[in-house]
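This report concerns only the one structure given below.
Rule-based calculations on the coordinates, nothing more; no lab input. The model shown is predicted, which means the values in this text are computed figures rather than measured ones. Positions of Cβ are backbone-derived with ideal geometry, glycine not excepted, and every protein chain shown enters the neighbour counts.
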Amino acid sequence: MKFLKQPMMRKVLIALAPIYLFSIWMYGLRTVAAAAVVFVFGIGTEWLFERTRAGKVSEAVLVTCALYAIAFPPATPLWILAVGIVFAVAMAKGVYGGFGRNIFNPAIAGRAFVYISFAVVLSRAYTEFGNFGIGAADALSSATPLAIMRAGGEVPIGRLLLGLRTGAIGEGMVLLIVLAAVYLMVTKTASWRIILATVLGGTLTNALLLVLRVPRALPMESLLAGSFLFMAVFMATDPVSAPKRQPSHYAYGALIGVTAVLIRTFSAFPEGTSFAILFGNTFASLIDIAVDSLKKPSRPSAGGSAAPSETKGGTQ
Amino acid sequence: MIDAPSVGLVSLFLASILTSNVLLANFLGTCSFISISKDFRSSMGLGIAVTMVIGITSAVCWAVLYFVIKPLGIEYLSFIIFIIVIAGVVQMLEMIIDRFSPSLYMALGIFLPLITVNCAVLGVILFMQIRKYNFPQAVVFGFGSGAGWWLAIMLLASIRKKLDANTAVPAGLKGTGITLITIGFMAMAFVGFSGMIAVQ
């Protein structure tokens, strides 16, 4: 099997390496098993699709698998992970014609699909953490920081920063995520505009809800809990499903941040980041079109807009 | 006269756009959604027209329901009466657009009269009847649902600009197939809002 070489995607994998090491310390064999199943099924699905059109398996599918595998609670049944990654690679990427042509982020499409289909199973799949997962109780219903905050409790901010809390396998270690974000921004792999806009959008929305004394508003620390930062750094910045114009990145990021906080605060789902990114992907093309039409001064009539584009085509 | 549900007008408006989007949550009015979204400009025009029609018909049908149908006790005729009211409103809107904006009239073409059979319009009116909205709620719900339909078709039209240029889609899925898959993902994104605001 040959891989399509994609340096950008390799940088994302490098950025994910420390997070993977930390996840192995957190959950041990569970992390390894989840990753193994996801990689086998993800690469296999992509290979089946690429075989029919004589293409190569893209390295982007490795990033999709790597992100998808650590976005679930540690005790998620492996067959659910397999179903989700097959759905993600086949329906969100394969049928659109492979790498670079998908509209929605495949990892997020798979994650949202699983979270909608198996919500109850996942809510019981959180386990104790640390010590390579040895001796951790099976499928313990440990409360996640978001659930504790929703119930009015407090979570020490240090534990949130160090990721010492229950949650999805790799979403928790805030310091490593920030480190990865810096690496991705310095190497120009991820758009700093999207990361900044997403974090600002979420922070300002949460602050506004608190200032307005909305009863269901979560404390500011909630932005360090859940998968908000993980998604802002790794999922929102996927260059294929994000808008293409640079000014659109601000609007796109802000939309994701605002939607994520609104959904996790008000909706029936405990966390809103997957939906927020799918929502952002849905709006990406429209934002690009809006930016384009703002850049060009609007023309007086429909007949006027057709003529210049014709002459442009003629000169090329 | 009626015991309307106690839901605020602002939250009802947001709910009809996001939590129970007439297209992406109830899947009403998909036929013209799929056929018109090929073209961005027509989508814009049709979106505005559908918003106007749903808004106006839900106001008119509310009046017809509570001042004609209920007093006469002819609820069993309500479907037919609603359809006649929709057809009348569309006909009037058509004449008004033709008089004041011939270019929009030409752009919409056959799709303007086809709004009559757009199930989103009748669907919204039936929701209005079942949920026993009072007059302001019916108007807000009507315009909100129309705006939700408009937003959805604009989103799909912008995505289809990319999709239709994509030649790598498997032959069997080109056109409508891949569009339906895309609509599925859009609906999945809107599922996230469920439970946010109850409209029932």
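Go through the residues of region A:140-153 one by one and say whether even a single one is under 26 Å from A:Ala15 (Cα atoms) and free of Cβ contacts under 8 Å to residues at least 60 places away in the same chain. Even if it seems obvious, please write down each step before you answer.
Just the residues of region A:140-153 that are under 26 Å from A:Ala15 (Cα atoms), to begin with: A:144-146.
Okay, now just the ones that are also free of Cβ contacts under 8 Å to residues at least 60 places away in the same chain, so none.
Within region A:140-153, not a single residue is under 26 Å from A:Ala15 (Cα atoms) and free of Cβ contacts under 8 Å to residues at least 60 places away in the same chain.
If I go through region A:91-131 residue by residue, how many of them are over 16 Å from A:Thr282 (Cα atoms), in a helix (DSSP H, G or I), small (Gly, Ala, Ser) and touching a Phe, Trp or Tyr at 6+ places or on another chain (Cβ under 7 Å)? Going through region A:91-131 one residue at a time, the tally reaches 1. Scan region B:140-151 and tell me whether some residue there is aliphatic (A, V, I, L, M) and more than 14 Å from every other protein chain (Cβ to nearest Cβ). So far as region B:140-151 goes, yes, one or more of its residues are aliphatic (A, V, I, L, M) and more than 14 Å from every other protein chain (Cβ to nearest Cβ). Summed over region A:58-72, residues that are farther than 14 Å from A:Phe87 by Cα and buried (at least 23 other Cβ atoms within 10 Å of the Cβ) total 7. Just to verify a result, which residue in region A:73-106, among those that are within 14 Å of chain B (Cβ to nearest Cβ) and among the small types (Gly, Ala, Ser), is surrounded by the fewest Cβ atoms within 10 Å (Cβ to Cβ)? If we take residues in region A:73-106 being within 14 Å of chain B (Cβ to nearest Cβ) and among the small types (Gly, Ala, Ser), then A:Gly100 is surrounded by the fewest Cβ atoms within 10 Å (Cβ to Cβ). Scanning region A:47-57 for residues that are touching a helix residue (DSSP H, G or I) at 6+ places or on another chain (Cβ under 7 Å) and within 14 Å of chain B (Cβ to nearest Cβ) yields A:Phe49, A:Lys56.
So which helices (runs of 4 or more DSSP H) are wholly in region B:16-129 and hold at least 2 residues that are closer than 26 Å to A:Ile287 by Cβ? Walk me through how you get there before you give the answer.
Details: elements: B:30-36, B:40-64, B:78-100, B:102-108, B:111-114.
Of the helices (runs of 4 or more DSSP H) lying wholly inside region B:16-129, those with at least 2 residues that are closer than 26 Å to A:Ile287 by Cβ span B:30-36, B:40-64, B:102-108.
Being of a type in the set (A, V, I, L, M, F, W, C) and under 17 Å from the mean Cα position of the chain (by Cα) narrows it down to one residue among A:Ala90, A:Ala35, A:Ala75; which is it? One residue alone meets the criteria, A:Ala35.
Here are B:Ile34, B:Ile54, B:Ile48: which of them is crowded, with 18+ Cβ neighbours inside 10 Å and either more than 14 Å from chain A (Cβ to nearest Cβ) or closer than 25 Å to B:Phe185 by Cβ (or both)?
Working: B:Ile34 fails: crowded, with 18+ Cβ neighbours inside 10 Å; B:Ile48 fails: crowded, with 18+ Cβ neighbours inside 10 Å.
Of the residues listed, the single one that is crowded, with 18+ Cβ neighbours inside 10 Å and either more than 14 Å from chain A (Cβ to nearest Cβ) or closer than 25 Å to B:Phe185 by Cβ (or both) is B:Ile54.
For first residues located in region B:153-172 and under 19 Å from A:Leu278 (Cβ atoms) and in contact (Cβ under 8 Å) with a residue 12 or more places away in the chain, partners that are exposed (fewer than 15 other Cβ atoms within 10 Å of the Cβ) and of a type in the set (Asp, Glu) and lie 6+ apart or on another chain with Cβ distances below 8 Å do not occur.
Selection of region A:225-282 for residues being at the interface with chain B (Cβ under 8 Å from one of its Cβ atoms) and part of a helix (DSSP H, G or I) yields A:Thr259, A:Leu262, A:Ile263, A:Phe266, A:Ser274, A:Phe275, A:Ala276, A:Leu278, A:Phe279, A:Asn281, A:Thr282.
Would you mention how many residues in region B:130-139 are buried (at least 22 other Cβ atoms within 10 Å of the Cβ) and in a helix (DSSP H, G or I)? Count: 2.
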